[in-house]
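Q: Shown below is the structure under consideration.
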Amino acid sequence: MDNSRLLLRSGLTLAAAAALPAALAGPSAAASGISVSTTGSTVSVVTSACTQINGSWGTAALLTSRQANFAQGRQVALSGTSVSQSAAWSSVSPGTYTVVVVCSSGTTAGSQSVIVSSPAPATPTISSTSSAAPSRGVMGGLGGAARDYGPLTLGVGAALVGAGVVATGWVLRRRSKPYRL
């Protein structure tokens, strides 16, 4: 009898811990309304979030890491249909960029980071690094840091960690009590 009541309380606690991150995430957990891709030195963006106003779907901007706002980026007008709108930038040099799409209504459809890599050389080149110091330090980071996880994923992970902490505490508390007949 005592064990069933304890299991019921533990189950309710775990259910509340699992539901808490989703409730706290709220509307910010919505996915970005754009999809960004790269092919060689071309960056393209596709969205279906914009509506046409006065013949315009909106504008997309490609921002470097040194550019702070939409107006500073390379802007391209969106083109397409009511189902899908797109924009593309060609001859983009290697680096990390942020793509921002603003619809003609003034709302932001979304923003997403993208990495443009340099094309592989056709033939290997031989260079000596012993006499020259590197121009920049090692670009380290967290493993898999190129992908930005949303608040829902992070909240579920936090709930699982919290559930593990609660379960560990419960087990240790049960072990510390003397054995009863």
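Q: Ordering 101, 165 from largest to smallest accessible area (1.4 angstrom probe), what's the sequence?
A: I get 165, 101, largest accessible area first.
Q: So what is the relative contact order for region 27-101, in percent, with contacts set as C-alpha pairs under 8 Å and at least six apart?
A: 35
Q: Simple spin-label model, 7 Å along Cα-to-Cβ: residue 64 to residue 174 in nm?
A: 6.0
The values are calculated or read from the model by the stated rules, or taken from the named source; none is laboratory data. Bear in mind that the values here come from a model prediction, so they are computed numbers and not experimental data. For neighbour counting, all protein chains shown are included, and Cβ atoms are generated from backbone atoms with ideal geometry for every residue, glycine included. Protein only, heavy atoms only, side chains kept; ligands, DNA and RNA dropped before computing areas. Shrake-Rupley method; radii C 1.70, N 1.55, O 1.52, S 1.80 Å.
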